[in-house]
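The values are calculated or read from the model by the stated rules, or taken from the named source; none is laboratory data. Note that the coordinates shown come from a computational prediction; the quantities given were computed from them, not determined experimentally. Here the Cβ is made from the backbone with ideal geometry for all residues, glycine too, and neighbour counts use every protein chain on show.
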């Protein structure tokens with residue numbers, strides 16, 4: 001009740017100031033955004049997308065960063081709710097997408113928009129995530145094609161058990177199965193999707209199988225680390241590396257095109273942020289939103305990376 | 001909050017001397033609360049204090065165990081991993097193997113205690129420095145936690161388990177917070193009034209003198225590491241209730257938070273001085289700071305800098321005090 005009066009007052013105050021008046025009438029003045037880890041460019045891009053678009057609409061955004069820890073995230077969501085947010089954009093941290101933040105927000109009766117992952121048993125009003133299977137298929141199909149449809153291949157996975165990890169492998173496996181000449185000789189899982197892990201894992205794989213021709217890293221960080229390991233091993237002419245996500249650094253590396261890492265799938269991260277804000281507004285106004293919204297990732301090679309560097313989708 | 005203030009006053013009356021080490025941190029905490037009350041209107045509310053109590057449960061219980069270890073001049077880097085191990089054992093026994101929750105909790109605590117006992121034995125019998133022994137245990141326990149499910153999470157606990165962390169009995173007390181307060185009270189009384197509690201200070205001051213004074217230093221050391229691990233395991237169970245799920249990557253770097261809380265609370269890293277009341281205040285400072293910075297919408301990057309500065313400030317203040325005393 002107290003909150004209701006407060007937000008009504010705030011709305012009235014907003015209505016009197018011409019500049020921010022646009023927020024009034026949207027049904028939302030304050031959005032809480034819970035991000036697993038801002039060190040990862042993928043999440044940072046979503047945050048930029050949400051902030052940029054919400055800023056234009058005159059909506060305030062409060063961002064919290066869980067540093068990959070589920071418990072921290074639950075605490076942060078409690079704090080967001082204390083601040084009286086009108087909508088909650090939730091990107092779960094860790095492999096166990098915790099259901100508790102969704103339940104807490106539900107108890108307050110505010111819209112819950114899931115991005116990237118969705119907790120089992122506690123769905124939000126909608127979930128927005130990048131398409132994984134088809135895009136991963138395209139990346140693997142592309143590098144296998146460049147290798148002439150044959151050769152030894154390895155996969156460096158992301159954090160085991162996460163949705164993108166499972167689905168990207170599913171897509172890539174389809175491409176591998178279509179080419180009987182391609183032999184999957186090793187796979188290894190990383191904890192953080194990070195370049196140093198990619199480097200180390202690839203180095204060990206190259207040690208065990210010096211005749212590897214194809215590497216698929218499930219994230220650009222992993223792929224770029226692996227490409228560096230290939231260069232260090234002096235195998236840059238023999239190995240082709242494919243990545244995923246279309247991170248800023250990865251796209252710039254593709255523009256330069258001077259490493260074994262030559263293809264990725266660029267996710268529409270900023271568009272996801274915009275979509276999340278729009279969905280929150282729609283739910284707040286009782287409009288219907290699809291249960292799943294799945295923007296495609298775009299296959300990106302050395303030739304067409306430049307346009308995405310100029311403006312990330 | 002109110003219960004903490006209550007215990008504060010009680011110790012103040014009965015044992016004024018022991019609080020002297022924690023007055024600095026206490027003033028810091030009060031200043032912090034006063035500042036946040038003025039800086040943001042959502043901080044000073046009953047609901048927010050309950051949130052803070054929820055948020056510090058895991059850190060609070062781990063920090064109690066860490067206080068014991070640091071008091072005897074040791075260090076335990078394995079608490080975060082043992083927390084994860086306890087969670088995974090709990091999840092495995094209850095969800096995968098289908099045992100009742102009571103059995104699963106005992107199993108999880110047992111696994112934690114064994115890990116702590118191994119650390120203690122390595123330190124006392126094999127003369128491995130505590131830093132190395134617990135560093136090894138950190139790696140071993142994390143590996144075991146991962147092996148239980150091959151790295152994936154477990155969900156599907158009974159409903160009442162999660163409700164224990166959500167339902168507020170008498171309007172304010174969740175079961176998890178009640179467990180934390182119980183641990184605080186028992187640990188404070190133990191350190192103050194039990195002979196075994198006073199022995200920890202003696203060992204931290206000088207283990208050789210403690211031995212000559214008739215204290216069984218080896219056994220006490222093993223027990224301390226075992227209790228510290230047991231409390232980490234207990235914290236893991238409460239965390240599992242709070243998250244309604246368990247995953248082996250939980251609790252990474254929690255040992256550093258626990259050490260930071262103990263140090264901010266005025267317990268000396270070289271052992272022998274300090275206490276639980278200081279640690280509780282240290283835990284509250286970290287909890288209030290994180291909560292307040294979130295409420296102030298401080299950018300996550302700046303938050304990390306501020307928390308680092310507070311740790312430096314607390315330790316520097318302690319050093320200055322010692323220098324002046326000398």
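One table, with the values for the structure above:
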| read-out | value |
| --- | --- |
| Among residues of the range B:121-166, those that are more than 24 Å from the chain's Cα centre (by Cα), assigned to a helix (DSSP H, G or I) and within 14 Å of chain A (Cβ to nearest Cβ), counted | 4 |
| Unmet criterion (only one of (1) more than 20 Å from residue B:263 (Cβ to Cβ); (2) part of a helix (DSSP H, G or I); (3) away from chain A (no Cβ under 13 Å); (4) modelled with pLDDT of 90 or more) for residue B:9 | (4) |
| Residues satisfying the stated conditions in the range B:41-64, i.e. assigned to a loop (DSSP other than H, G, I, E, B), more than 8 Å from chain A (Cβ to nearest Cβ) and touching a residue at least 24 places away in the same chain (Cβ under 8 Å) | B:43 |
| Meets criteria (in contact (Cβ under 8 Å) with a residue 60 or more places away in the chain and within 27 Å of residue B:252 (Cα to Cα)) for residue B:155 | yes |
| Counted residues, the range A:123-151 - those being surrounded by fewer than 18 Cβ atoms within 10 Å (Cβ to Cβ), within 21 Å of the chain's Cα centre (by Cα) and part of a loop (DSSP other than H, G, I, E, B) | 2 |
| Subset of the range A:234-255 (residues that are crowded, with 24+ Cβ neighbours inside 10 Å and at positive phi) | A:245, A:246 |
| Test set (1) out of contact with any helix residue (DSSP H, G or I) (no Cβ under 7 Å at 6 or more places or on another chain); (2) within 14 Å of chain A (Cβ to nearest Cβ); (3) over 25 Å from residue B:182 (Cα atoms) - residue B:245 fails condition number | (3) |
| Members of the range A:52-68 that are more than 11 Å from chain B (Cβ to nearest Cβ) and either farther than 19 Å from residue B:298 by Cβ or surrounded by fewer than 19 Cβ atoms within 10 Å (Cβ to Cβ) (or both) | A:52, A:53, A:55, A:56, A:57, A:58, A:59 |
| Test: residue in the range A:64-86 that is under 30 Å from residue A:308 (Cα atoms) and more than 16 Å from the chain's Cα centre (by Cα) | yes |
| Residue count for the range B:115-126, restricted to those that are more than 13 Å from residue B:76 (Cβ to Cβ) and touching a residue at least 12 places away in the same chain (Cβ under 8 Å) | 3 |
| Output for the range A:38-51, where each listed residue is within 13 Å of another protein chain (Cβ to nearest Cβ) and touching a helix residue (DSSP H, G or I) at 6+ places or on another chain (Cβ under 6 Å) | A:38 |
| Single match in A:71, A:34, A:93 (criterion: part of a loop (DSSP other than H, G, I, E, B) and either within 12 Å of chain B (Cβ to nearest Cβ) or modelled with pLDDT of 90 or more (or both)) | A:93 |
| Residue match in the range B:274-281 (condition: within 14 Å of chain A (Cβ to nearest Cβ), modelled with pLDDT of 90 or more and surrounded by 20 or more Cβ atoms within 10 Å (Cβ to Cβ)) | no |
| Meets criteria (at pLDDT 95 or above and surrounded by fewer than 15 Cβ atoms within 10 Å (Cβ to Cβ)) for residue B:110 | yes |
| Tally of residues being more than 9 Å from chain B (Cβ to nearest Cβ) and not in a strand (DSSP E or B) across the range A:74-88 | 3 |
| Residue that is nearest to residue B:244 (Cα to Cα) [pool: residues in the range A:110-122 that are within 14 Å of chain B (Cβ to nearest Cβ) and under 15 Å from the mean Cα position of the chain (by Cα)] | A:118 |
| Helices (runs of 4 or more DSSP H) contained in the range A:214-313 and holding at least 3 residues under 19 Å from residue A:202 (Cβ atoms) and modelled with pLDDT of 90 or more | A:220-232, A:248-256 |
| Test set (1) more than 23 Å from residue A:70 (Cβ to Cβ); (2) outside any helix (DSSP H, G or I) - residue B:248 fails condition number | (1) |
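Quick grid of which residues meet (1) within 14 Å of chain A (Cβ to nearest Cβ); (2) crowded, with 22+ Cβ neighbours inside 10 Å; (3) under 18 Å from the mean Cα position of the chain (by Cα):
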position: B:208; (1), (2), (3): no, no, no
position: B:223; (1), (2), (3): no, no, yes
position: B:260; (1), (2), (3): no, yes, yes
position: B:264; (1), (2), (3): no, yes, yes
position: B:285; (1), (2), (3): no, yes, yes
position: B:289; (1), (2), (3): yes, no, yes
